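Each reported figure results from applying straightforward, stated rules to the coordinates on display, with no laboratory input. Note that the structure is a prediction, hence the values are computed from the model and not measured. For neighbour counting, all protein chains shown are included, and Cβ atoms are generated from backbone atoms with ideal geometry for every residue, glycine included.
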Amino acid sequence: MVVSYLTAIKILSTPPGPKAKKIVEETNKVLSPSISRFYPLVIDHAHDCIVTDVDGNEYIDFNSGIAVLGVGSTNERIVKAATDQLKKFTHYSYTDFYYENINQLAEKLIAVFPNDGQTKERKQVYYGNSGTEANEAAIKLARYATRRPRMMAYMGAFHGRTMGTMALTASKLAQVKGFSPLLGGVEHAPYPYCYRCPLKLEYPSCGFACIDYIQENYFDKYVPPDEVAVFFIEPIQGEGGYVVPPDDYFKELFKRFGKYGILFSDDEVQSGIGRTGKWFAIEHFGVTPDMITVAKALGGGLPIGALIARSDLMSWQPGSHASTFGGNPVAAAAALAVITEIEERKLMDNARKQGEYMMQIFKDWMEKYEIIGDVRGKGLMIGIEIVKDKKSKEYGVAEATRITELAWKKGVLLITCGRSTLRIVPPLTITREIVDEALEVIQSAVAQVNKENTMKNGHAEHS
Ligand SMILES: Cc1ncc(COP(=O)(O)O)c(C=O)c1O
């Protein structure tokens, strides 16, 4: 028998409660309908891993405000750093003047930039306000530095929502429909999504045929590689479904295409700042990119995005790129506090520890439940892919949505990514006790949907 010691969750009445319903109604009247939401959660306040809604229900946060709240909500160190800076000066456009804390933050970001162990080229930092802006800057810098017109990105990628970064994005139809023509010169290559190999092969016997495919079908046919400025990569595909490539994939990719002078821009907007148990997810793959973009978790909830690039690439002229709010001093103070918090509390160790613990449990669930097709991840960036059944691998879209709704109603904030993948991305501060409590809720939701599915489809339930 499983003994339950529920402590963190407090559900007073099944959400959404009356206050939440009223706010959702008002929201629908006054806010742009272009925003799509998972379920009608209306937040009142939050601390660390616990979120309280406007009707007094308390939930365990398993999505960290979409991978932003790495150090948890209202973290004392971040609140103090931001408040102190707010009182000192709130803004003094870095497009035109100077202040110091953005230099300290840049030094930190440069210090943690992955090193190939041989050279430590000088790096420099550009600041914007979001992941999209960081990637937009990477597009502009790559074009400027190489004077090449074309770019490569991946199918399933998500790099942002501006006309430039949207051209790199290939994740969901709704994100691009109605907005074409997009920025030209971008080609999308198959991502190493081995559970659903686009070439229907198996790793490792495939011998990275998906890399050969890029050579044969793009670079040998209609995309002259010496016209390609940059290849945008996500080391773990985020919105695309928390897809983890094989360990040696990027080594092979960099070796094969670096020789053409193509830059590699590593989008760590979702996977970076300790999330996978390392500062940057690319460190798991033993390669050194030319540029890295970060945002989300960097500001601990305040908007900041950064592009860190080799100094020899940062050759653009004064006036060529900037942003009024970029590198805002309050956001920079918060970001410095985020980095200190991760270091002092050894939160990357915790991410690894809790992540490994959960992976083991999810793998056991995969044996047990027909609707779990795949489990993959690093640190606290884990995807559980829900399918209708293991054999057909048909996306379990309705099933995944239902699991997240059931989990929410029982007190765990869980969301999806890709077509039908549960996205496990709690704050790096999460404790074993809270993990256990959340997993009990998630498992009961998975078991319920598995059972409903079994009854509907007549699949045998694994014991
Ligand atoms: C990998 C990746 N890149 C870029 C972005 C865009 O970031 P933002 O929403 O801050 O513009 C996201 C957002 O989800 C992301 O996950």
- Normalise the Cα radius of gyration of segment 174-316 by 2.2 N^0.38 Å (N = residues in it) and let me know the number. 1.10
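DSSP loop (so not H, G, I, E, B), at most 16 other Cβ within 10 Å: list which chymotrypsin sites (Phe, Trp or Tyr not before Pro) in segment 35-65 pass both filters.
For chymotrypsin sites (Phe, Trp or Tyr not before Pro) across segment 35-65 that sit outside H, G, I, E and B with at most 16 neighbouring Cβ atoms in 10 Å, the list reads PHE38.
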- Item | DSSP bridge orientation in the chain - percent antiparallel, rounded to nearest 5 | 65
- Message: Tell me the mean residue ellipticity at 222 nm calculated for the chain from its helices only (DSSP H runs of n ≥ 4, each -39500 (n - 2.57), averaged over every residue, nearest 500).
- Response: -11000 deg cm²/dmol
- Projected area averaged over orientations for segment 277-345, convex hull of C-alpha atoms, nm²: 5.8
- Note on the structure: Plugging the Cβ-Cβ distance of THR52 and LEU31 into 1/(1 + (r/R0)^6) at R0 = 30 Å yields, to the nearest 0.05, a FRET efficiency of 0.85
- So in segment 80-344, what percent of DSSP beta bridges are antiparallel if you round to the nearest 5? 40
- Among the lysines, which have Cα under 22 Å from the Cα of LYS390 when same-chain residues fewer than 8 positions away are ignored? LYS200, LYS363, LYS368, LYS451, LYS456
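In nm, what is the difference between 0.36 nm times the number of residues separating GLU344 and THR74 and their Cα-Cα distance?
In short, 95.5 nm is gained.
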- If you bin every alpha carbon distance in segment 80-344 into 5 Å steps from zero, what whole percent lands in each bin? 1, 6, 13, 18, 19, 17, 12, 8, 4, 2, 1, 0
- Determine which residues of segment 15-45 fall in the zone a paramagnetic label at ALA174 would reach in this model, i.e. backbone nitrogen under 15 Å from the point 7 Å along Cα→Cβ. 28, 32-41
- Simple spin-label estimate for THR7/GLU121, 7 Å along Cα→Cβ, in nm, reads 5.0
- Query: Over the chain, one equal point on each Cα, no solvent: what is log10 I(q)/I(0) by the Debye formula at q = 0.09, 0.11 Å⁻¹?
  - Reply: -0.60, -0.92
- Query: Among all the lysines, which ones have a C-alpha under 27 Å from LYS19's C-alpha, if same-chain residues fewer than 8 places away are not counted?
  - Reply: LYS10, LYS29, LYS409, LYS410
- Task: List the pair-distance distribution P(r) of segment 1-78, using every Cα-Cα distance, as the percent of pairs falling in each 5 Å bin from 0 up to the bin containing the longest distance, rounded to whole percents.
- Result: 3, 13, 20, 21, 19, 14, 7, 2, 1, 0
